[in-house]
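Q: Mind looking over this structure? Questions follow.
The numbers here are math on the coordinates, done by the rules we state, and not lab data. Since the structure is predicted, the reported quantities are computational estimates derived from the model, not experimental observations. Cβ placement follows ideal geometry from the backbone for every residue including glycine, while neighbour counts extend to all protein chains displayed.
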Amino acid sequence: MVHRTIIYRPLSTGERTVSLASDDDSQQNFILAFVLGLIAFILALVIGLVLYMQGPRPGVATATVTVAPLAPTGPLAIAAGAAGAAVTKAPDQPVAVAEVTETVTAVVPQGAGIRVRNGVVNFYFESGSADIAPGAAEALATVIKGVQSGRRAVVSGYHDTTGDPAQNDRLAKERAQTVQEVLVGLGVPAAKVRLEQPAVAAGTGNDAEARRVEVKLVD
């Protein structure tokens, strides 16, 4: 039979010190990593909030309009979207659209707008866009009244001289068609609205003024 003798020797003071120091280093590394991770999270959160607060905000259209009620002479279907009509309607009565009685300009960011001057309605467009500014129904009320009295509406599209000429011609036609669709949506018979390509499609004035569609009444 073999006998084994195990002798337990207590750690010396130096060995105990090394063990305790190792434990302290591990705890310090853990705490340091936790603090750094927390700081990184807070920084990311703050940066995200700043970027969100500085993000783009939708533009708000502004307009100065003098209006008088237009006596209804027939039902009008108000076009959705860009028309943005202000309407009143009593039970079982046709819709009435406010009629612009003075020059009006409605301006939104990036150059889209509407101007009524001497009976001619001018729609201005952002570069490369065929979107109509709000207020189309009010601006076209005089044209609608003229058509109801037996006249016709002529719609002509113009463009600026920057960019590709073929693209400019296409945009001018598309913008004129958009205005035509708004008129039809407001109850004007399609047969009473004529698209007319101008002899010179390059509009006058600066680029923003040149990108326009004119609507006028003819006998």
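Q: If I model a spin label as a point 7 Å beyond the Cα along the Cα-Cβ vector, how far apart are those points for E196 and E174 in nm?
A: 2.5 nm
Q: Oh, and also: Taking K and R as +1 and D and E as -1, what net charge do the other residues with C-beta under 9 Å from the C-beta of V218 add up to?
A: Summing Lys and Arg as +1 and Asp and Glu as -1 gives +3.
Q: By the scheme Lys and Arg +1, Asp and Glu -1, what is the net charge of all other residues having a beta-carbon under 14 Å from that of I132?
A: Its environment carries a net charge of -2.
Q: Compute the length gained on full extension between E209 and L43: take 0.36 nm times their separation in residues and subtract their Cα-Cα distance, giving the result in nm to one decimal.
A: Additional length available on full extension: 55.0 nm.
Q: Another one. What does the charge count around E181 come to, taking other residues whose C-beta lies under 15 Å from its C-beta (Lys +1, Arg +1, Asp -1, Glu -1)?
A: +2
Q: Grab the Cα-Cα distance for A33 and E126, subtract it from 0.36 nm times how many residues apart they are, and report the gain in nm with one decimal.
A: 28.2 nm
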